[in-house]
1. Using only the alpha-carbon atoms, how far is helix 2-18 inclined from the longest principal axis of the chain? Give it as 0 to 90 degrees, nearest 10.
2. Would you calculate, for the chain, the mean residue ellipticity at 222 nm contributed by helices, counting each DSSP H stretch of 4 or more residues as -39,500 (n - 2.57) and dividing by all residues, to the nearest 500?
3. With only Lys, Arg, Asp and Glu charged, each at its Cβ (+1 for the first two, -1 for the last two), find how big the charge dipole of the range 317-471 is about the Cα centre; round to the nearest 20 debye.
4. Using r as the Cβ-Cβ distance of S456 and K185, and R0 as 56 Å, what FRET efficiency do you calculate, to the nearest 0.05?
5. Would you mind counting up the charge near V655? Only other residues with Cβ under 11 Å from its Cβ, with Lys and Arg at +1 and Asp and Glu at -1.
6. Once R0 is set to 22 Å, what does the formula 1/(1 + (r/R0)^6) return for the Cβ-Cβ distance between S488 and N569, expressed as a FRET efficiency to the nearest 0.05?
7. Got a sec? How would T380, T168, T261 order by Cβ neighbour count within 10 Å, fewest to most?
8. Packing-wise, with mean Cβ within 10 Å as the measure, how do 78-87, 711-720 rank, highest first?
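Just so you know, all these numbers are worked out from the coordinates, no wet-lab data involved. As the structure is a prediction and not an experimental result, all values here were calculated from the model. Don't worry about glycine lacking a Cβ; one is built from the backbone with ideal geometry, like all the others, and counts go over all protein chains shown.
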Amino acid sequence: MIKKLSSLALLLCVLCLTASAQQLGTWRMYLSYQIATKSDVSGSIIYSLMNGNLLSYDTEDGEVHTYDHLNELSDVNIAHIAYSKEAGKLLIVYSNSNIDLLDKEGNVQNLSALKDKSILGKEVSYVSIYKSMAYLATGFGFIEVDMKEGVFRNTYKLNKAIQCITATDDEVFIATNDGLYQCPKNSNMQMEQNWNKRGTWDSVKNMCFFQGKIMALTSATLYEMDPASSSNIVYDKGSYTFLKHNGDRLFWGNNTQLGMTTDLTSSPTILTTPAKWSDVSYLGGKYWMSENENGLRGYKITDNAFTPTGEIIQPSSPIRDLGYRLSWVGDRLLVAGGINTVSGFSNPATAMYYENGEWTNFKEMDIPAEYPRFKLVNTTDLVQDPTDDTHHFASLYRGGVCEYKNGKFVKLYNHKNSALTSLMPSSSQNYNYVMCAALSYDADGSLWMASSMRDSVLIVFKPNGKWYKLYYKELDGCSLVDNILHHSSGIKIVTSRRLDMRGIFCLDTKGTERNADDRSIMHQNIINQDGTIYQPEEFFCVCEDLDGLVWVGTSSGLFVMEDLSNVFNTDYQFTQVKINRNDGSGLADYLLNNVSIACISIDAANRKWIGTQNNGAYLISADGQEMIHHFTTDDSPLLSNNVQSIAVHPGTGEVVFGTDKGLCSFMSDATSPEAELEKSNVVVFPNPVTPDYNGPIAIRGLVNNTEVKIISTGGQLVWNGTSAGGTCLWNGCANNGLRVASGIYHVVANTPEGNKAIVTRVVIVR
């Protein structure tokens, strides 16, 4: 017995040194901490709001901590932050009106009553702190939150949309679109007649209480008001955008000037800002500036001018929380953050990639002088040159195609220097109508582009620099062509998303650049194997699986193209996967019928990861018969139920979800299988399995469908299973469902054919 324990201890020590891998089944957030817009201070800590996410920086030890709803917070997309020294807590207000209170130990108390309430105008437009009370302006009135006690105190429905609010010991001041009002706290603040009008200004956008005065900022003037009298004086004139009371200082300013004072009886200091600032906090003798795209930066004043201290707080992260289209190229995750839309809505032209734990945010083009009103928005796709990993192209939905080298802009291709054409050639802004919604490299290294609303929608840029157009009547004038799939058979499959020319376009070029011998067809209707006809309003995506089947996502659900040899027949049938009800009726239901499928990705086990527009993400088995996971915001850390894109890393199994609220990932159990079963490739992790670990135990480095057996040292079969791709998961339980005892267990892996086996070990410590 002593000898056995000694052997276990020795193996435990060895394995502790070698075991390292991200736990399967865990989530990771890839949130943006780049664009700093707001800050507040607590002791030596400065809190910064970046891209709607929270970061803290300790000015004493230099520690940077990022917060997310996976670890501390209750929600995503923060709209406001404000600190109360008296309460010792940071107020966090989300865009959906959810509220968190964060204390200095990192504890969070959630106040969700406002979010859960069905009431019009509940969005919080402004936050003001007076001592330990927070005042939240809304579209119907305002709300008092006692930050010290962590409770809602009062809700005041005044039938007024409040632009901003502040308070003193005795009174509350509100600014509405018809003027400024004040009301004593000891009166009934629910009664509109108790609110006295103090000014006729209709554009007060910021207020605070400072040195016994109410400071009110309009679009052109900073006013000083005495709460106890009718006197209102102009303190400073200027077009300012922010006003803030921070410690013993009052700040106001815009992106070119900053005003400050510690005494209202003396003249203020007005300095020119060296960068575009949106907010300022003072801590530790330094001015901490929210510099938008340049992050949070420390400054001092030297010779009546701001000089940077060298501290720039901007962790490696995505430039924005945008994930419209994702793809893995090796170990590099490419991200295009725009959106394919003809509406007025747009996203900034975001292109970036993630590799080896670091983010590279592409330097966006400076607007050329010849295009003075160029709209640099909506990067719809990002592809990497298969012969040069420093060379990329990004499509702009209405701006053409940008070329990048080493993450820096090189060239813009549009109607003036390529085969791309403008939708409005005679317009003075013809450069803003060069449509491009999709990019895709073929096996020959040619870059295919989809230019919607033109006669020749498909455009090819050859490796030799030559351009040519492909005309097909089925695509002539299609309003949004946004996917180009180069199928392994050589057939091109293209989605025309919407309106009267929507459908699945199939093309066989027969390997030539001549159109004369091409075959093509547009399937606008989908006929399934039962003869049921669907007419989806939108065709969103196509994806080829490991068996060569094409999975199609539409607004009417999920369909499969099985036999492409018949795809050019007008009566071609799609397949809908049927799931047996297993209730004795003999009936079956179509898989995800009438669910709006936005994106599809295939993992190493040929399973399908499916993203929807409003119902989260699904993982279904290779044949579609089993639903393995369904992730939504209600039961997982998924950032949004609107999943725009999914990319699965074949080597690690990491599944990245691009949503309308940012990027997150799930570590799945499917990895690329090895070509041969070799002991040197097989890794078990975690190993050892410690008492505090309750997750799955992964055996990786297997061939596809490897048979795995867990055997005790006494030779008894404990558990058996089969690998998904190159990974097999064991839950640490025997086949009877009970957790196994401490000990050393043999892991025996056999090839599917049974002609080779390897043995390794795993240590369990209970």
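1. 70
2. After summing the helix terms and dividing by the residues of the chain, the value is -1000 deg cm²/dmol.
3. In debye, rounded to 20, the range 317-471 gives about 580.
4. The calculated FRET efficiency here is 0.20.
5. For residues surrounding V655, the net value is -1.
6. 0.60
7. Listing T380, T168, T261 from fewest to most nearby Cβ atoms yields T168, T261, T380.
8. Packing proxy ranking, top to bottom: 78-87, 711-720.
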